[in-house]
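Scroll down for the structure; my scribbles are underneath it.
The values are calculated or read from the model by the stated rules, or taken from the named source; none is laboratory data. Just so it is clear, the structure is predicted and the values come from calculations on it, not from any experiment. Here Cβ is always computed from backbone atoms with ideal geometry, including for glycine, and neighbour counts include all displayed protein chains.
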Amino acid sequence: MLQDYVLDAIPPMDVSIPTFIVIWGMVLLVFFRIYQNPKLFLVIAYGFILMCLCRILTISLLPLNPPPGLITLKDPIANIAYGGNGTFITKDLFYSGHTGNMFLFFLCLEAKWDKIIALTASFLIGFLVLIQHIHYSIDVISAFIFTYFLYLGAKKLAFF
C-alpha cells in the first residue's frame, strides 16, 4: 500500500455512473471515427494490445494493495468480462487502464474537437478514479506517460 497524500485529501465517493458515461461515450465516438477511417483502428488496436501487455508487466512487478476507501466501479458492460458474478478485481493498479485508454483515444483521434473531447475525458476519468479511490495518484499520472510511449510504438507497428 502506498502513502498517497492526494488520495488522502479526497473523500471516497461512488462516481460509477459518470465514469461509465464518460468511458462508453468515448468508446462510441471512437467506434464512429473508426467507421469513417478504418486506419485509425490499427493504431488503437496496437496501442490497446501494447497497453495490455505493459500493464500485465507493471502489475506483476508492482503488486499494490488497493487504496484505503476503494469503492468498486460498477460498469454493467465491462463487468461482463469478469463473469458478471459480482467479483471485482482490485489489484490491477499500476497504472490506470481507465485513464490510459482515454489518453490513447486522445492521441489517436485526428479532428480538433475529438481531441479536445478525448483529452477532457482523459483528465476527467483520472479524477473520477481518484474520487472513487480505485487508483493511487501515481497510477493516474503514470498512465499518461506510459500511454504516450506505447502510442508511439503502436504508430510504428501500424504504419511501419
Report task. Mind listing just one residue for me: the one in the range 1-41 that is under 18 Å from the mean Cα position of the chain (by Cα) and hydroxyl-bearing (Ser, Thr, Tyr) and, of those, surrounded by the fewest Cβ atoms within 10 Å (Cβ to Cβ)? Result -> 16
Report summary line: Of (1) at pLDDT below 95; (2) more than 15 Å from the chain's Cα centre (by Cα), residue 78 satisfies every one except (2)
